[in-house]
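Below is one structure; the comments refer to it alone.
The values are calculated or read from the model by the stated rules, or taken from the named source; none is laboratory data. These numbers were taken from a predicted model, which means no experiment stands behind them. Here the Cβ positions follow ideal geometry from the backbone for every residue, glycine too, while neighbour counts run over all protein chains shown. SASA here: full protein model, heavy atoms, side chains in, ligands and nucleic acids out. Shrake-Rupley method; radii C 1.70, N 1.55, O 1.52, S 1.80 Å.
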Amino acid sequence: MDPTWRNPGWVRLALCLAGLVLSLYALHVKAARARDQNYRALCDVGTAISCSRVFSSRWGRGFGLVEQMLGQDSVFNQSNSIFGCIFYTLQLLLGCLRGRWVSILLQLSSLVSLVGSVYLAWILFFILYDFCIVCITTYAINVGLMVLSFREVQGPQGKVKGH
């Protein structure tokens, strides 16, 4: 059965747009910091609360893994924010479709983002000893999208058809 178009819902739309805006902001901060080491982003509250320090770390590109596995010049060694932009756009576009394979892709991509969020949160707290407001907000958005993806597959609970 071919997928059909549908409204993604205001919750998915809000989460995806928020994630996209935060990912674009992270790209801006990283670029501004690369041009000027003294650049202070809005999310740089103090020495232990600094998003620009996190975005500029080795874990801010390719999750800190791609360079070690595929090399610094690999096409996959992009800023994590690029992957975020792709993920939130994919979630929004897939959210506009109906179909079994669409539901599976939404769930799988949500699970991958959750694994990535847990990994990056661990790096954030236990290796960088930082508190990145933008990062933590994107982790929360990823959890929200995963919950939404699994709820859509389950459908409304406790409702009897025809009543």
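General remarks:
- For residue 112, the test of being closer than 15 Å to residue 87 by Cα, part of a helix (DSSP H, G or I) and open to solvent by 80 Å² or more (accessible area, probe 1.4 Å) is passed.
- Scope segment 115-124; condition of a type in the set (A, V, I, L, M, F, W, C) and surrounded by 14 or more Cβ atoms within 10 Å (Cβ to Cβ); matching residues: 120, 121, 123, 124
- For segment 1-31, filtering for residues that are surrounded by fewer than 16 Cβ atoms within 10 Å (Cβ to Cβ), over 14 Å from residue 92 (Cα atoms) and either in contact (Cβ under 8 Å) with a residue 60 or more places away in the chain or touching a helix residue (DSSP H, G or I) at 6+ places or on another chain (Cβ under 8 Å) (or both) leaves 5.
- Screening 160, 134 for residues that are of a type outside the set (D, E, K, R), part of a helix (DSSP H, G or I) and either over 22 Å from residue 21 (Cα atoms) or at pLDDT 95 or above (or both) leaves exactly one candidate, 134.
- Residue in segment 95-106 that is within 15 Å of residue 23 (Cβ to Cβ), surrounded by 14 or more Cβ atoms within 10 Å (Cβ to Cβ) and not β-branched (Val, Ile, Thr) present: no
- Of the residues contained in segment 143-156, one or more are found to be open to solvent by 80 Å² or more (accessible area, probe 1.4 Å), part of a loop (DSSP other than H, G, I, E, B) and either farther than 25 Å from residue 49 by Cβ or among the acidic types (Asp, Glu) (or both).
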